[in-house]
1. Working only within the stretch 169-208, note down all residues that are outside any loop (DSSP other than H, G, I, E, B) and touching an Asp or Glu at 6+ places or on another chain (Cβ under 7 Å).
2. Could you tell me whether the stretch 265-272 includes any residue that is part of a strand (DSSP E or B), crowded, with 17+ Cβ neighbours inside 10 Å and of a type in the set (A, V, I, L, M, F, W, C)?
3. Restricting attention to the stretch 133-166, and to residues there that are crowded, with 23+ Cβ neighbours inside 10 Å and not in a strand (DSSP E or B), which single residue is modelled with the lowest pLDDT?
4. Given the structure, is M75 crowded, with 24+ Cβ neighbours inside 10 Å and of a type outside the set (S, T, Y)?
5. For the stretch 320-349, which positions are out of contact with any Pro (no Cβ under 7 Å at 6 or more places or on another chain), over 21 Å from Y274 (Cβ atoms) and surrounded by fewer than 24 Cβ atoms within 10 Å (Cβ to Cβ)?
6. Provide a single number: the residues in the stretch 274-301 that are assigned to a strand (DSSP E or B) and within 16 Å of the chain's Cα centre (by Cα).
7. Here is a check on your reading of the model: is T181 among the β-branched types (V, I, T), out of contact with any helix residue (DSSP H, G or I) (no Cβ under 7 Å at 6 or more places or on another chain), buried (at least 17 other Cβ atoms within 10 Å of the Cβ) and closer than 21 Å to Q139 by Cα?
Amino acid sequence: MKRSIKIAVAAALALSATSAFATNGDHLIGLGAKARGMGGVGIGMSHGAESALVNPALITSVKGNEISFGGTIFMPDVQADMGYGYEKSKADLSVIPEVSLGSQVNDNIWLGVGMWGTAGMGTDYRDYATQMNMVTNLQLMQFGVPVAYKSNGFSIGIAPVLQYGSLDINYVTPMGADSTTQGVAQDFGFGYNVGAAYEMDGLTVGASYKSAINMTYEGQLSKATTQFGLNGGAGLSDDLEQPAEVGIGASYKMGGSTFAVDYKQIKWEDASGYKDFGWENQNVFMIGYQYEQDNWALRAGYNHASNPIKEHVAANAMAGDYDGAVLNFFNLLGFPAMVESHYTVGGTYAFSKTISADLAYVYVPESTEKYDTSAMTQAMGMGMTSEMKVKHSQDAVSVQINFNF
């Protein structure tokens, strides 16, 4: 059993070895193909074992035992222009794994375990000197053990979480110097998710809270920002905390139809690292619909969250103040988590009472931003444009196999 767990962890890390683009900031809009097919809803609607990291109270819909495993093929299209025309990032394909297990212990208690690729972002311009050969790669994976209790329609749950993260930033400065960051930095952090739900006559309402998880990637952000003269040459810290989230949701089932809505806020402004880069809190709105009959189901949804990356005042290089321009540069070239609207469809087909498969597709139309970097180009003697332009769109396919016994 221990050997199987080690193999599963190794495989999951190998599959997530390329940079991923999540869609609400650096977060996936949903964990699991069912949720992703419905715009990410899951705070007030159960998706079985895959509910563990969204609202652990809702694993109580599992009857007996359920195992779900699969993944998401992420296909972002990111292009940047620093004055010489758009170049396409080669970080355009990632595989993000997900495994969820849920088990009903008795009439009141449920247990689970799982591991999920939850977030990430990055770009790859290694072949383009016009983009400073910038390569960035942030990966996050969480391991959780949800426990839930249910009585008279009311359920509560908690999932202690161990998070693994890695960050790598590389570039070549306009003066031809390699970045002073050295290799990939890794860290582990601890947090928790808690949730509650109440079900009555087809209506389910839920609430959830995810704690912040502090991560420190030694020698990455500090060295990268120091080399660009940020903060008077002192740079920023290496802390990059995954932010806390708070959310509510509801769903209503009427015959074969289920309507669901969720709202959550991602607290980037309070998270170490992200707040230093000027990220703003995101209000995320999700709506989903499911129609199910016999051994199949169809889903559709919509997810919207405003761009958390806001343009900074570029200031004046002659006065020695160009921090805003540097932040604009790093946010757009290295971490352009700026997409807003997501359109989703999905479905399920049950081959038997034991085995079923889920499929989901997410389409994200192109977002375009251009931020002022003139003060940085002046200060560093760069013969480039005074503004950074970036285009970003996405496609993603999620596949999942479920076993119920």
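1. V172, A185
2. Yes, the stretch 265-272 contains at least one residue that is part of a strand (DSSP E or B), crowded, with 17+ Cβ neighbours inside 10 Å and of a type in the set (A, V, I, L, M, F, W, C).
3. Per the criteria, the residue is M134.
4. no
5. Selection gives G320, D321, Y343, V345, G347, T348, Y349.
6. 6
7. Here the answer is no, as T181 does not meet what is asked.
Each row is one residue, and each column tells you yes or no for (1) at pLDDT below 90; (2) in a loop (DSSP other than H, G, I, E, B); (3) touching a Phe, Trp or Tyr at 6+ places or on another chain (Cβ under 9 Å); (4) charged (D, E, K, R).
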site	(1), (2), (3), (4)
N328	no, no, yes, no
P336	no, yes, yes, no
V364	no, no, yes, no
S367	no, no, no, no
K370	no, no, no, yes
M384	yes, yes, yes, no
M388	yes, no, yes, no
S393	no, no, yes, no
Q400	no, no, yes, no
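The values are calculated or read from the model by the stated rules, or taken from the named source; none is laboratory data. Bear in mind the structure is a predicted one, so any value in this text is a computation, not a measurement. Every residue, glycine among them, receives a Cβ derived from its backbone with ideal geometry; neighbour counts consider all protein chains shown.
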